[in-house]
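Working notes, structure below.
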Amino acid sequence: VSSCRGQKLAGGLRVASPCPLRQPAGAPSRGRGGKMRSSCVLLAALVALAAYYIYIPLPSSVSDPWKLMLLDATFRGAQQVSNLIHYLGLSHHLLALNFIIVSFGKKSAWSSAQVKVTDTDFDGVEVRVFEGPPKPEEPLKRSVVYIHGGGWALASASTSWSPSDGLWSWLEKKKVVVSIKALRMIPKVYFPEQINDVVRATKYFLEPKVLEKYMVDPGRICISGDSAGGNLAAAVGQQFTQDASLKNKLKLQALIYPVLQALDFNTPSYQQNMNTPILPRYVMVKYWVDYFKGNYDFVQAMIVNNHTSLDVEEAAALRARLNWTSLLPASIIKNYKPVVQTTGNAGIVRELPQLLDARSAPLIADQAVLQDLPKTYILTCEHDVLRDDGIMYAKRLESAGVEVTLDYFEDGFHGCMIFTTWPTNFSVGIRTRNSYINWLDQNL
């Protein structure tokens, strides 16, 4: 203990002066220690907030759940930033969100020794063409016209998120993929302009002189797409079967977790996966409203099926075409019950008649249209609000006499097929991609 000298007063008395405690050499001061403790508390709070934001309860059967949580949190963050930009009046939220998505994944057209990649346009529609190498034993190539997903509003064939960019192994076996690169999208155009773009580009490609240019076999062409792109592929497939002017027809259609109807947002998959990444029910309904340039005030009413209630006469004739109690197997229905409102909001369908148009909702097409469709592949995922759209469409096609392959992935989620490369590589993404490519290879 160190001593301190006092002050000498009259009479020889000493009064001790205040003596500060001495700290060992090198010891931090109290001020520094307090700052460190504050920093630790702040860091712990930030970690807790991040964990709270990222964590969402997921079924144990979903592929790579923690990676999916991180991916979903990233996408939600991008959506919230775009919503803020919209709120501040700087840009439409979908334009802002698309800018973020494309900025992170944009890829220029680059070729390799095995695959030639070129950007061009087909009748005014921008496309990216992937050409596999020629082979003497097979002078004409098989081909796929691919339409990317993104809610009719997001992404592009020029991003690394596009499934067409992941078909290299298949292309190396001498194929041609025409990927619709730049659809006109929401909010610049609305239904049915996206369909019109795909029709124009595909018809152009099917012209004999264009097929000859790319050395494509006119009898071995498939139309394909994922999510909203699957919706457009299905709509164009139906339209082409009724077009007598087309000399060359499609041999196949391949639909990846397609969105096929907007009449019932309470199918078992919509109920089961209402809050599941990457596509919660609320977001899907908003995409539909955006597609039709509708009012967001309709969203909550549509979620509970008020737009197709029993008093909405326009929907009555179509209800049987998506009666999931008869179209879905018991293993899918489980204990879920139909949500059918007695009275609802008939004004929604009157303001948005596109909801009942088979071009927007291919699942409700007439049986006479379905029976002329080509052999079909439909991929569905358990953890996806759109799972039952695909299963019901497969059932209706089979009933119409169409040969269908229904490829179901128990651990899959919406959009999984585009996530095949690090750091967003999912095991189910690789398996879905390989299964899709194998089917094309065996059937096209």
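Within the full protein context, the accessible area of residue 284 is estimated at about 10 Å² for a probe radius of 1.4 Å. Label point 7 Å out from residue 435 along Cα-to-Cβ: which residues of the range 48-71 have amide N under 16 Å? Hits in the range 48-71 for residue 435 at 16 Å: 61-64.
Cross-link check: pairs 188/375; 209/375; 286/334; 188/213; 135/203; 203/293 evaluated at a Cα-Cα cut-off of 31 Å; pairs beyond the cut-off: 188/375; 188/213.
In this Cβ point-charge picture (+1 for Lys and Arg, -1 for Asp and Glu), the range 365-444 has a dipole of about 180 debye about its Cα centre.
Listed values for the range 199-206 are Karplus-derived 3J(HN,Hα) couplings in whole Hz (6.51 cos²θ - 1.76 cosθ + 1.60, θ = phi - 60°), namely 4, 4, 5, 6, 4, 4, 5, 6, and x replaces Gly and Pro. If you take all other residues with their beta carbon under 13 Å from the beta carbon of residue 153, and give Lys and Arg +1 and Asp and Glu -1, the sum is +2. For the range 352-444, the set of GluC sites (Glu not before Pro) satisfying both a DSSP loop assignment and a count of at most 15 other C-beta atoms within 10 Å is given as 403. When the GluC sites (Glu not before Pro) in the range 58-141 are filtered for DSSP coil states and for at most 10 other beta-carbon atoms within 10 Å of their beta-carbon, the remaining sites are 137. Under a model in which nothing but the beta-carbon of Lys, Arg (+1) and Asp, Glu (-1) is charged, the chain shows a dipole of about 2600 debye around its Cα centre.
Taking amide H as placed 1.01 Å from N in the peptide plane, the amide H of residue 408 sits under 5 Å from that of 380, each at least 5 places away or on another chain. Enumerate the residues in the range 340-354 having an amide nitrogen under 17 Å from the point lying 7 Å beyond the Cα of residue 196 toward its Cβ. Flagged as within label range: 354.
Once the C-beta distance of residue 295 and residue 210 is scaled by a Förster radius of 60 Å, the resulting FRET efficiency is 0.90 to the nearest 0.05.
In terms of the mean number of neighbouring beta-carbon atoms within 10 Å, the peptides 44-51, 80-87, 255-262, 321-328 order highest first as 255-262, 321-328, 80-87, 44-51. Here residue 200 sits with roughly 80 square angstrom of accessible surface, probe radius 1.4 Å. Backbone amide hydrogens, once placed in the peptide plane, bring residue 144 within less than 5 Å of 176, 177, 178, 222, excluding anything fewer than 5 places away on its chain. Computed 3J(HN,Hα) for the range 138-144, one whole-Hz value per residue from the Karplus formula 6.51 cos²θ - 1.76 cosθ + 1.60 where θ = phi - 60°, is 9, x, 9, 9, 7, 9, 10, glycine and proline marked x. Counting protein heavy atoms only, the range 192-243 has 49 percent of its accessible area on carbon and sulfur, 1.4 angstrom probe. Once backbone amide H atoms are built at 1.01 Å from N, residue 216 has 141 as its partners under 5 Å, excluding neighbours fewer than 5 places away on the same chain. Per-residue surface analysis assigns residue 337 an accessible area of about 140 Å², computed on protein heavy atoms at 1.4 Å probe radius. Extending 7 Å from Cα along the Cβ direction at residue 367 and again at residue 44 yields two label points whose distance is 6.8 nm. A Gaussian network model of the chain, with springs between Cα atoms under 10 Å, assigns the largest mean-square fluctuation among 263, 42, 90 to 42.
Relative contact order of the chain: 14 percent, from C-alpha pairs under 8 Å at least 6 residues apart in sequence. Apolar share of the accessible surface for the range 28-92: 71 percent from carbon plus sulfur atoms, 1.4 Å probe.
Using 0.36 nm per residue and subtracting the Cα-Cα separation, the extra length available between residue 182 and residue 340 on full extension is 53.0 nm.
A simple rule links phi to the HN-Hα coupling: the Karplus curve 6.51 cos²θ - 1.76 cosθ + 1.60 with θ = phi - 60°, which for the range 41-54 gives 5, 5, 4, 4, 5, 5, 4, 5, 5, 4, 5, 5, 6, 6 Hz, with x for Gly and Pro. Every helix of 4 or more DSSP H residues in the chain counts as -39500 (n - 2.57), and over all residues that averages to -11500 deg cm²/dmol at 222 nm.
Only one of [x] 236; [y] 147; [z] 158 was calculated from the structure for volume of the Cα convex hull per residue in Å³, and its label is [x].
Here residue 67 is the anchor, and the aspartates and glutamates within straight C-alpha reach of less than 15 Å, apart from those fewer than 8 places off in the same chain, are 411.
Among all the aspartates and glutamates, which ones have a C-alpha under 14 Å from residue 251's C-alpha, if same-chain residues fewer than 8 places away are not counted? Qualifying aspartates and glutamates at Cα under 14 Å: 217, 372, 403, 441. Mean separation of Cα pairs under 8 Å and 6 or more residues apart, divided by the residue count, gives the range 363-444 a relative contact order of 28 percent.
The values are calculated or read from the model by the stated rules, or taken from the named source; none is laboratory data. Source: prediction; values computed, not measured. Every residue, glycine among them, receives a Cβ derived from its backbone with ideal geometry; neighbour counts consider all protein chains shown. Surface accessibility is based on the protein's heavy atoms, side chains included, excluding ligands, DNA and RNA. Shrake-Rupley method; radii C 1.70, N 1.55, O 1.52, S 1.80 Å.
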